[in-house]
1. State, to one decimal in nm, how far the label point of residue 100 lies from the label point of residue 164, with both points 7 Å from Cα in the Cβ direction.
2. Go through 189-202, 125-138 and give me the packing order, highest mean Cβ count within 10 Å leading.
3. For segment 181-215 and segment 46-125, what is the centre-to-centre distance using only Cα atoms, to the nearest Å?
4. Taking a quarter of the surface of the convex hull around the Cα atoms of segment 48-179, what do you get in nm²?
5. Each label point is 7 Å from the Cα along the Cα-to-Cβ direction; what then is the distance between the points at residue 54 and residue 135, in nm?
6. Report relative contact order for segment 107-181 in percent, whole number only (criteria: Cα-Cα under 8 Å, sequence separation at least 6).
């Protein structure tokens, strides 16, 4: 069995996985380690199968955990507290809703109000000034000014949106700008179309996930 080839295939799966997961910022490190090792064991089995080798669950877990899964749980994994479970459930619910939101962005009919509703449901917003752009036409938004644009850019920054996804989160306003390329309205959208994330600078921390309470 070509161990190096299997481990290289596992690493490719791991890197692809990192590109898709944006929901782990509030999970404690030991719980996250368990999730990662569990995924690694599954990818190890899949990679081995692709190379023509049958590997059992126990063998894959032995590789991923460096010991049997039962020994690892007994040594490292503590029962989750109510707060940890509440945080995890919040993250899972947000991730599910964010997946639906990303699909809506690609529909061509996404409404700006849907973006504001998502922010209102899941995040606490702290108004702050922010700059948008890199040239002499840079938009300097004062605290409390263009609150909708602040919410879109903060949401996109927190969730790793591409520039195109962030623009689509403006809904009908972005579509209006596309229809009037020579227009002068919606300057935050127009500047972002030119410079993307490199032109966005927040003068503060505009958005954080809502705090949760243990049930």
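Readers should treat all values here as calculations from the given coordinates under stated rules, not as data from a laboratory. Small disclaimer: the values here were computed from a predicted structure and weren't measured. All Cβ positions, even for glycine, are placed from backbone atoms using ideal geometry, and neighbour counts span all protein chains on display.
1. Each label point is offset 7 Å from its Cα along the Cβ direction, giving 2.5 nm.
2. On the way: 189-202: 17.1, 125-138: 15.1.
The densest-packed peptide leads the list: 189-202, 125-138.
3. With segment 181-215 and segment 46-125 each reduced to a Cα centre, they are spaced 26 Å.
4. Details: hull surface 55.3 nm².
About 13.8 nm², averaged over all directions.
5. 6.5
6. Working: 61 pairs, mean separation 27.9, N = 75.
It comes to 37 percent, rounded to a whole number.
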